[in-house]
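Input: a single structure, listed below in structure tokens.
Here, each number is a calculation from the coordinates, and none is a lab measurement. Owing to the predicted nature of the structure, the values given are computational and were not obtained by experimental measurement. Neighbour counts are summed over all protein chains in view; Cβ atoms, including those assigned to glycine, are modelled from backbone coordinates with ideal geometry.
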Amino acid sequence: MDVVAIAGSIFAGIAAAIHVYIWVLESVLWTRESTRRTFGVRSAEEAEALRPMAYNQGYYNLFLALGVAAGLVLLWSGLALAGIVLVLFACLSMVLAALVLISSNHRMLRAALVQGAAPLVAVVLLGAALTQLA
């Protein structure tokens, strides 16, 4: 693989790590005060009411991260086309989720950038690497 695929893989890995961290916050640490502040949840009662939704949403983030990880394993174990396609699917899903976040609440720009910047760079780089495979 070339430098573009390596750089794209690094950004995809960063995106996966961010989404695992989001999973930890939403599905494991949701009721902690620091997590509530991060997500703008005003009280423990509100956190409890939102807990099922956050738990579910956290797992969506984890599954996207696992998709990236599986794609990277395929990519670097010799199944480059399958790996890149899987990583692109997972990263595009992350980017689209970030766009949905910002479209639903413009005050969430920072969160959308955290969620969407690394996978966007990965999509651009791995898309370029994909064209070199064809």
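The distance between label points at Thr38 and Phe89 comes to 2.8 nm (points 7 Å beyond Cα on the Cα→Cβ vector).
As a test of the formula, what do you get for the chain when each DSSP H run with n ≥ 4 contributes -39,500 (n - 2.57) and the sum is divided by the residue count, at 222 nm and rounded to the nearest 500 deg cm²/dmol?
Helix-only estimate at 222 nm: -29000 deg cm²/dmol.
Modelled spin labels at Val124 and Arg107, positioned 7 Å past Cα toward Cβ, are 3.0 nm from each other. Descending by average beta-carbon neighbour count within 10 Å, the peptides 112-120, 17-25, 100-108 line up as 112-120, 17-25, 100-108, the highest first.
One entry in [x] 2, 10, 16, 16, 13, 11, 9, 7, 6, 5, 3, 2, 1, 1, 0; [y] 2, 11, 22, 25, 22, 13, 5, 1, 0; [z] 2, 12, 20, 20, 17, 11, 8, 6, 3, 1, 0 is P(r) over Cα pairs in 5 Å bins from 0, in percent calculated from the shown coordinates; its label is [z].
As a proxy for reagent exposure, ranking Ile84, Ile10 by other Cβ atoms within 10 Å from fewest up yields Ile10, Ile84.
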